[in-house]
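Shown next, in structure tokens, is the structure this report addresses.
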6 protein chains.
Amino acid sequence: MRPSGRDKDALRVVSIETDVNKHAEGSCLIRMGDTHVLCTASVEERVPPFLRNSGQGWVTAEYGMLPRATTTRGRREAKDKQTGRTQEIQRLIGRSLRAGIDRHALGERQITVDCDVIQADGGTRCASITGGWVALRLAVNRLMKAKLITTDPLSAPVTAVSCGLYAGQAVLDLDYAEDSEAGVDGNFVLTGDKLIEIQMSAEGATFSHAEMDQLLGLAEGGCAQLAEMQKAASA
Amino acid sequence: MRPSGRDKDALRVVSIETDVNKHAEGSCLIRMGDTHVLCTASVEERVPPFLRNSGQGWVTAEYGMLPRATTTRGRREAKDKQTGRTQEIQRLIGRSLRAGIDRHALGERQITVDCDVIQADGGTRCASITGGWVALRLAVNRLMKAKLITTDPLSAPVTAVSCGLYAGQAVLDLDYAEDSEAGVDGNFVLTGDKLIEIQMSAEGATFSHAEMDQLLGLAEGGCAQLAEMQKAASA
Amino acid sequence: MRPSGRDKDALRVVSIETDVNKHAEGSCLIRMGDTHVLCTASVEERVPPFLRNSGQGWVTAEYGMLPRATTTRGRREAKDKQTGRTQEIQRLIGRSLRAGIDRHALGERQITVDCDVIQADGGTRCASITGGWVALRLAVNRLMKAKLITTDPLSAPVTAVSCGLYAGQAVLDLDYAEDSEAGVDGNFVLTGDKLIEIQMSAEGATFSHAEMDQLLGLAEGGCAQLAEMQKAASA
Amino acid sequence: MRPSGRDKDALRVVSIETDVNKHAEGSCLIRMGDTHVLCTASVEERVPPFLRNSGQGWVTAEYGMLPRATTTRGRREAKDKQTGRTQEIQRLIGRSLRAGIDRHALGERQITVDCDVIQADGGTRCASITGGWVALRLAVNRLMKAKLITTDPLSAPVTAVSCGLYAGQAVLDLDYAEDSEAGVDGNFVLTGDKLIEIQMSAEGATFSHAEMDQLLGLAEGGCAQLAEMQKAASA
Amino acid sequence: MRPSGRDKDALRVVSIETDVNKHAEGSCLIRMGDTHVLCTASVEERVPPFLRNSGQGWVTAEYGMLPRATTTRGRREAKDKQTGRTQEIQRLIGRSLRAGIDRHALGERQITVDCDVIQADGGTRCASITGGWVALRLAVNRLMKAKLITTDPLSAPVTAVSCGLYAGQAVLDLDYAEDSEAGVDGNFVLTGDKLIEIQMSAEGATFSHAEMDQLLGLAEGGCAQLAEMQKAASA
Amino acid sequence: MRPSGRDKDALRVVSIETDVNKHAEGSCLIRMGDTHVLCTASVEERVPPFLRNSGQGWVTAEYGMLPRATTTRGRREAKDKQTGRTQEIQRLIGRSLRAGIDRHALGERQITVDCDVIQADGGTRCASITGGWVALRLAVNRLMKAKLITTDPLSAPVTAVSCGLYAGQAVLDLDYAEDSEAGVDGNFVLTGDKLIEIQMSAEGATFSHAEMDQLLGLAEGGCAQLAEMQKAASA
């Protein structure tokens, strides 16, 4: 029995509220249960040095947590002095979002997706990817409406969900209560029915080839549902 | 005529939504027009080294701005590497909130008030002080309800508002459109009808003793209104 | 009765010794009682990026304290890692000096005013502004003598003085003994009889509108005397 | 056809030379083809603060690359200012080695495994884990010989290998020539026939559930061979 | 012929003004020609961790240069972020002063000697050592007068001077004009007629064993004169 | 009697193994007894800003120590945050190697010599200079073979050795056991029979003019032997 009473293949209640920031080109507030992440997409008409005059654009991400997003207050972090954990997360978000975009169609501009965790209850990096894609989608819509882009650079949505072994059983979308107990858990990023990233990690435990198969199956089911919500939110 | 059409002594529309964070001991989202600041008060049962075994508590503040709170995206900052502007602001917030608390009655514990600007349109430091006091009030209420504090350490509310010379006229509560044009502007922090802080600054202009009097009068009126809203919100 | 025996509207003994550095374009050693600040003005034929090709110049300031300027030895600071206090002070000095200069008449060059406190006894930021203006005046004189500038970019002197409530009474130009006891004190920067900056701050106290009037009156008197000394020193 | 001519399931030539450092409690130089990593294990009779008086020990890892380990010279890194990539790698090494140790049996001491890449040709993090385990094994042997530990805290060896899709085909143990071309690749860490970590990542490509199965199969085969070599080296 | 017209074995005009800082336990302003260094000695009743409960004291030094001490304005430095040159200099000053003190007789306290260059014209590190010793001497005198120390921990003065090959000839006490031309120069630190430190360095040149002998002879003569001045100043 | 049983003028066993890195333009592993330093020379077709369009090249050095090169594990250092000791050493290595090269003949390119201490037993900076010159020699040979350089920019080898007073006697090439006991020791850098650098330092001791002569004599003998080995290794 999961602490929340959910079935092993059940997502938490998910909502995606869009256009929550009057300055950003695209924005949303994604809630996966008590995990709330504010995602903004900022368009800049410049690219990193290695892409100048390449005709290609860039998508990057930054991730942050407000000091009291967690049960006990944490320390503020900054761009040049982040913990290893924060860097791992934002590198993952950036790679995942780039995997779903045609950088030639985007043209020589950069979109920065900021994912700021307002309240945390497990699964913040997955919520950031799923919500970040919606902010990115809305920013691209605006560029297309303004005819700055003619071919849509985004194809299938990019979605992410965590899975893990909780009390010996494979479960979908762990909340903090489960996450802190699970000896094995990981994050799966998909676009359509294809995989982009897998990060599985065991702590004080191990997992078998067969269990890996089960977890992957759960992730495929969860991501399909999230992709539907992304489409509804950014339609 | 002010860009917003407001009278010279009119505040923007203000709202204070409380208990917006499930982890924090006190929290609110204050909106002064399009300036939105999330304030959380975190209680810790420890004090800075210089207060150990003194029987006194401490109140401190941190201020941050989400990267896309502003019209163009800004850079993330961290606790140990903040710009001078950020440090000035959070030192001001901390001093202001401490001015309104009896640190002996608080007892040997620390309350950290985090003010994170979700969206900025001028006057973020004043909104942070006014909203920060509400978060502090709610956290203290919780400590009193739990009988950890017996004498209320908070007396009159601490409120803050900006005033300035816009198009040659003294006006209350400048928004960004006014702030960026005003040659003279400043921040006033009051508790009850007494002053705690004044920070007046001219850029490419000067002001007279008489104009200073007018600005101070406007601030007194604005702060009286804000104190009523604080009381309503934290009742 | 003030610890120094001064009247409430009396400045400390002030002296301004000029040309104390053989390398700097302008320099002075200002002494306000036991507060001694070495001020140098350095001219560079370049401006910050945001002013390139604007035809305008820039004045900036840096403030430092030698480790043993104070009663107990302090820690050295550096340009990129200054305390919030140091940053606040040098931002104030820079804004104040810029308020008194016509940046078009200065032409596209930068003058950096370094204010290094050799010995501290209260009021170092005000001494830095008053002395810094003299160093700036001397550097501009040299540029005019060399015909690099044709119109004098400096008009009325910029002067600064502190005032506060000591033992319940408004007093002028606080020394360290008063400053460490005063619950309310602040700094006033004037040019001619007009105000540029006010920074009033209360700690464990408050002040009224009427007291603010008194403090402002004292500051106006003190600054008028300082302006006379600046003129004499830089004639 | 692979650039090296190897079969798709063939490791590079592997050698593990032990006791290469006269100061370290355990050490080896592991060579996987042209990737050479110097691994040392340092025993300290202290633990991180969170483990004091817990009766448990700790294993941690640091990873570094000499500036000219790569084809073009790189920048030196330091403990507190590492790139995100370096931090990800050393966190992975540390978690992997901890997964194979009984921290109660180790007792309250810390072993730091330093993995310094002398020459790089792909797969440095996997070589670091495989070689790091040998250094750890040797250091533990010394502690047991000295009777400081009575129960062996290490069970099955921890081994790691990379796999990826090169030219559309799943291959084992990518060298740099393959790694820089592969759109999909990842690292697998095993202990015995069980999994500890999987890090799969696609760049400009995706992968299917079936391909994931193949890659995992290759990794299982490669790790079994590496475990034999570890045993031979540390016997 | 030297630029200054001095004989090859002639020091510049040297003066040592003592008690120039009202807070420091010992202080002097040393002038060697146009090189002016403010030296303060600060006594603290604590020692670095490695000396606690050892019965021994410590002497350390910090060196700084005011931004406009040099012909063109330099950048401020801080304690934790100094250039290599600054660190080398202050390590040299500290070692030199420690060489002349009996740390048991000093007792478990630390004296920090701050050497701040007000104006530079070559030879600042040597002036800092010679002046720093005077500040140290005065601080020790005060400790002895207060009966905190009973045995004088200082024996012969520590003095330093630079020598170099200028225009092919060995000369004493180089000023900036000579220093910037000399291919070979160095610093010699003596106590009495014995050597403590030699730092010789050639740039675009070399020197012979015989030339080294000559330079050493000049240094011995110069230091003997400086020791007389130190005694006179601190008598 | 020396701990190692060596005569007072005897070097440790020295070996220089070349071409130990497949990426570097020049490389060697120098062993002076148990001190082992890996030296690589990296050629880059660019120079520091101050040499652009000067027709001259540059040689610079970086020095590092693997964490467990020493008896107890040390902390990793990075390029921008090195200890004063590390900076002193790499500045010395760079100056020494530059003293032996004709920078016009080198042409507008930079060679960075990295000296990484794999295992330390005293004298690491001297081994770095001697080995670094061999790596530099090999890199220059490659540039000449490729006809990128036509005139050999290197003349006599640059060699370095330490000497000191151990148990009252002048000895050559101190190992760690001697170095940690010696009150006086230093480093001598020569090219041919001429001196480039001397760094003598006493700690808790002093030395006389006559002892300095003896130490210099020992250094001359040791460097002559090292120069022969350099020639043999890089022939």
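The values are calculated or read from the model by the stated rules, or taken from the named source; none is laboratory data. All of these numbers come straight from a predicted model, not from anything done at the bench. Methodologically, a virtual Cβ is constructed for each residue, glycine included, from the backbone with ideal geometry; neighbour enumeration extends over all protein chains shown. Remember, those area values only see protein heavy atoms, side chains included, never the ligands or the DNA or RNA. Shrake-Rupley method; radii C 1.70, N 1.55, O 1.52, S 1.80 Å.
Tell me: how much accessible area in total is hidden between A and D, 1.4 Å probe, Å², nearest 100?
2500
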Each residue of B:88-98 has, on average, a number of other protein chain C-beta atoms within 10 Å of its C-beta equal to 2
Just to confirm the numbers: E:Arg75, label point 7 angstrom along the Cα-Cβ line, distances to the other copies in nm, shortest first? 1.4, 1.4, 2.0, 2.2, 2.5
Once the label point is placed 7 Å from Cα along Cβ, list for A:Ala105 the distances to the corresponding points in the other copies, in nm, shortest first. 5.6, 6.1, 6.1, 6.4, 8.5
Counting Lys +1, Arg +1, Asp -1, Glu -1, what net charge surrounds A:Arg31 among other residues with beta carbon under 11 Å of its beta carbon? -2
List the distances, in nm and shortest first, from the label point of A:Glu181 to the matching label points in every other copy, placing each point 7 Å from Cα along the Cα-to-Cβ direction. 4.9, 6.1, 6.4, 6.4, 8.4
Between the modelled labels at A:Glu181 and B:Asp34 (7 Å from Cα along Cα→Cβ) the distance in nm is 4.8
Across 5 Å bins beginning at 0, the whole-percent shares of Cα-Cα pair distances in the stretch A:112-188 come to 3, 14, 20, 17, 13, 11, 8, 6, 4, 2, 0
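By DSSP, what percent of the beta bridges with both residues in the protein assembly as shown are antiparallel, rounded to the nearest 5?
Antiparallel bridges make up about 85 percent of those DSSP assigns within the protein assembly as shown.
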Please compute the modelled spin-label separation between C:Ser208 and C:Ala10, points set 7 Å along Cα→Cβ, answer in nm with one decimal. 2.8
Fluctuation leader among B:Arg103, B:Arg73, B:Arg142 - chain B, Gaussian network, Cα springs under 10 angstrom: B:Arg73
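Probe radius 1.4 Å, ligands and nucleic acids left out: which of D:His23, F:His209, B:His104 has the largest accessible area, and how do the rest follow?
Putting D:His23, F:His209, B:His104 in descending order of accessible area: B:His104, F:His209, D:His23.
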Taking the Cβ of A:Ala10 as the centre, find all other residues whose Cβ is under 14 Å away and add up their charges (Lys, Arg: +1; Asp, Glu: -1). -1
Among the aspartates and glutamates, which have Cα under 17 Å from the Cα of D:Lys22 when same-chain residues fewer than 8 positions away are ignored? D:Glu44, D:Asp114, D:Asp116, F:Asp34, F:Asp116, F:Asp121, F:Asp175
Percent antiparallel among DSSP beta bridges with both residues in chain F, to the nearest 5? 85
So which residue, out of D:Gln199, D:Gln87, D:Gln110, gets the largest mean-square fluctuation from a GNM of chain D using Cα contacts under 10 Å as springs? D:Gln199
Counting only backbone N atoms under 17 Å from a point 7 Å out along Cα-to-Cβ of A:Thr151, the residues of the stretch A:34-62 in range are A:54-58
In deg cm²/dmol, rounded to 500, what helix-only [θ] at 222 nm does chain A give when every DSSP H run of at least 4 residues adds -39500 (n - 2.57) and the total is split over its residues? -10000 deg cm²/dmol
Can you give me the C-alpha center-to-center distance between the stretch B:143-200 and the stretch F:6-45, rounded to a whole angstrom? 68
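For chain C, with all protein chains present and a 1.4 Å probe, just round the carbon and sulfur fraction of the accessible area to a whole percent.
For chain C, the apolar C and S fraction of the accessible surface comes to 47 percent.
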Enumerate the residues in the stretch E:137-155 having an amide nitrogen under 15 Å from the point lying 7 Å beyond the Cα of E:His104 toward its Cβ. E:150-154
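Work out the P(r) tail for the stretch F:105-157: percent of alpha carbon pairs separated by more than 18 Å, whole number.
Details: 537 of 1378 pairs.
Counting every Cα pair in the stretch F:105-157, those more than 18 Å apart make up 39 percent.
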For F:Val158, net neighbour charge (Lys/Arg +1, Asp/Glu -1) across residues whose Cβ lies under 11 Å away: +3
Relative contact order for chain D: what is it in percent, counting Cα pairs under 8 Å that are at least 6 residues apart? 22
Bridge orientation stat for the stretch F:43-144 from DSSP, antiparallel percent rounded to 5, came to 20
Packing-wise, with mean Cβ within 10 Å as the measure, how do B:178-185, A:111-118 rank, highest first? A:111-118, B:178-185
For chain E, modelled as a GNM with alpha-carbon contacts under 10 angstrom, which of E:Thr40, E:Thr130, E:Thr206 fluctuates the most? E:Thr206
